[in-house]
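Visitor: Okay, here's the structure, questions in a sec.
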Amino acid sequence: MERVGKFVAWVGKNADGVIALLLAVFIAFLGLTASDQILGQPKGELISGVTLLVLGLLTAAILRDRWRQEPMEETIRENFRTTSGALASLPARLDRLSELEAVVESARRVLDDLQIVQALNGADEISQAHAQARRSTDRWMFKGGTGTYVRAVTLPDLVVAARRERRALLVRLEIIDPTHAGVCEAYVRFRRSVSEAPDGTGEFWTVDRTRKESYATILAACWHRQRFSLLDIDLGLSATMTTFRWDLSADYVIITVEDPNRALMSRRGSFYYDHCATELLSSLDQARRVPIEAARSAPLSDEPTVDEARKLFEALGLGLPKSYGDRDVVEIIRKAIRAKNPYSI
């Protein structure tokens with residue numbers, strides 16, 4: 001039934017052609033079989049009339065097809081003109097697309113940089129970030145106050161890891177100058193302005209403590225260098241203080257402030273990391289350099305003595321204040337070799 005329905009529909013759409021075909025068959029049949037008189041008329045006249053009717057139907061079919069084709073041809077021409085116009089404007093559109101892609105890429109980089117700068121909250125999270133930064137790094141740069149945390153935690157851990165893995169370690173430190181009274185006083189005023197309580201060492205900040213902390217960091221740097229030959233350490237002394245502390249490893253930079261529960265961290269490859277590295281190098285280049293290589297003339301024991309410490313600072317051109325007695329020197333040695341974590345509870 002479905003085939004019959006399709007056939008009837010086809011016949012309806014092509015009725016003129018079907019009628020013309022049937023008449024043509026009918027004429028051929030008459031021409032071959034009919035007598036000379038058909039329906040009271042001569043056979044030739046009837047065949048001629050039917051032939052004209054067939055030709056008329058064929059002509060009507062042809063005209064109908066042309067009438068149907070004209071809108072289609074117009075549509076094709078319009079589509080061609082539209083396509084030609086679109087092709088003509090394609091280069092300009094491609095240029096705009098390239099500009100859009102550049103804008104999107106720029107925005108993506110900005111978003112990536114914003115995502116990479118991570119806020120750290122809480123002492124535990126900051127401590128874990130420092131531990132992650134120290135893990136497997138072969139370099140460290142620091143700029144800050146007296147370098148108490150670097151001396152107590154960072155430098156010993158870095159040396160232990162480098163010795164275990166038998167690889168070189170590059171360290172660059174910049175701390176405040178212990179021989180510069182002005183910067184030591186400014187540092188104490190700042191520390192007292194943000195907190196009157198003692199830190200994790202149980203001590204209050206005074207000018208005397210500030211000097212001893214910086215001296216202890218210098219002593220610790222020389223002590224570690226003499227015990228690990230693959231340690232390349234450079235130390236600069238600054239005449240100005242900063243309220244930030246930068247710790248930069250091969251993969252991370254961590255910026256801390258006096259608030260032990262707030263910090264920022266950024267990963268290598270970000271805009272922020274790269275410019276922090278540039279800042280630290282530029283600042284260290286302007287600082288007063290400590291001639292660490294001169295420490296070879298003043299060797300230190302595993303447990304440095306007072307005389308060894310005094311000779312070391314003399315060799316470095318950083319003679320201790322005349323007011324410092326043996327007890328003060330022992331305190332500096334203790335801070336250098338057995339430093340306490342200032343952020344411990």
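The values are calculated or read from the model by the stated rules, or taken from the named source; none is laboratory data. Being a predicted model, the structure only gives us computed values, none of them experimental. Here the Cβ is made from the backbone with ideal geometry for all residues, glycine too, and neighbour counts use every protein chain on show.
Visitor: Report whether or not GLU331 is buried (at least 16 other Cβ atoms within 10 Å of the Cβ), part of a helix (DSSP H, G or I), assigned by TED's automatic domain parsing to the domain that holds ARG172 and not β-branched (Val, Ile, Thr).
Guide: Considered against the rule, which asks whether it is buried (at least 16 other Cβ atoms within 10 Å of the Cβ), part of a helix (DSSP H, G or I), assigned by TED's automatic domain parsing to the domain that holds ARG172 and not β-branched (Val, Ile, Thr), GLU331 comes out as yes.
Visitor: Given the criterion part of a loop (DSSP other than H, G, I, E, B) and at pLDDT below 95, identify the matching residue among SER127, SER136.
Guide: SER136
Visitor: Being under 20 Å from MET141 (Cα atoms) and not charged (D, E, K, R), is that true of even one residue in segment 199-213?
Guide: No, every residue in segment 199-213 fails to be under 20 Å from MET141 (Cα atoms) and not charged (D, E, K, R).
Visitor: Here is a further query. Residue under question is ALA220, and the condition is that it be in contact (Cβ under 8 Å) with a residue 12 or more places away in the chain, more than 16 Å from ARG172 (Cα to Cα) and of a type in the set (A, V, I, L, M); does it hold?
Guide: Considered against the rule, which asks whether it is in contact (Cβ under 8 Å) with a residue 12 or more places away in the chain, more than 16 Å from ARG172 (Cα to Cα) and of a type in the set (A, V, I, L, M), ALA220 comes out as no.
Visitor: Can you tell me which condition ALA216 does not meet? The list is (1) at pLDDT below 95; (2) surrounded by 19 or more Cβ atoms within 10 Å (Cβ to Cβ); (3) part of a helix (DSSP H, G or I), and all the others hold.
Guide: (1)
Visitor: To continue, here is another question. Please find, among ASP199, ASP247, ASP157, the residue that is of a type in the set (Asp, Glu) and part of a loop (DSSP other than H, G, I, E, B).
Guide: Of the residues listed, the single one that is of a type in the set (Asp, Glu) and part of a loop (DSSP other than H, G, I, E, B) is ASP199.
Visitor: Where residues in segment 151-169 are under 19 Å from TYR215 (Cβ atoms) and of a type outside the set (Ser, Thr, Tyr), which of them is surrounded by the fewest Cβ atoms within 10 Å (Cβ to Cβ)?
Guide: Taking the candidates together, the pick is PRO156.
Visitor: So, one more: Looking only at segment 264-295, which residues are of a type in the set (Lys, Arg) and either touching a residue at least 24 places away in the same chain (Cβ under 8 Å) or more than 27 Å from GLU125 (Cβ to Cβ) (or both)?
Guide: Hits for segment 264-295 are ARG267, ARG288, ARG289.
Visitor: How many of the residues making up segment 169-196 are in a loop (DSSP other than H, G, I, E, B), modelled with pLDDT of 90 or more and within 28 Å of SER249 (Cβ to Cβ)?
Guide: Matching residues across segment 169-196 total 2.
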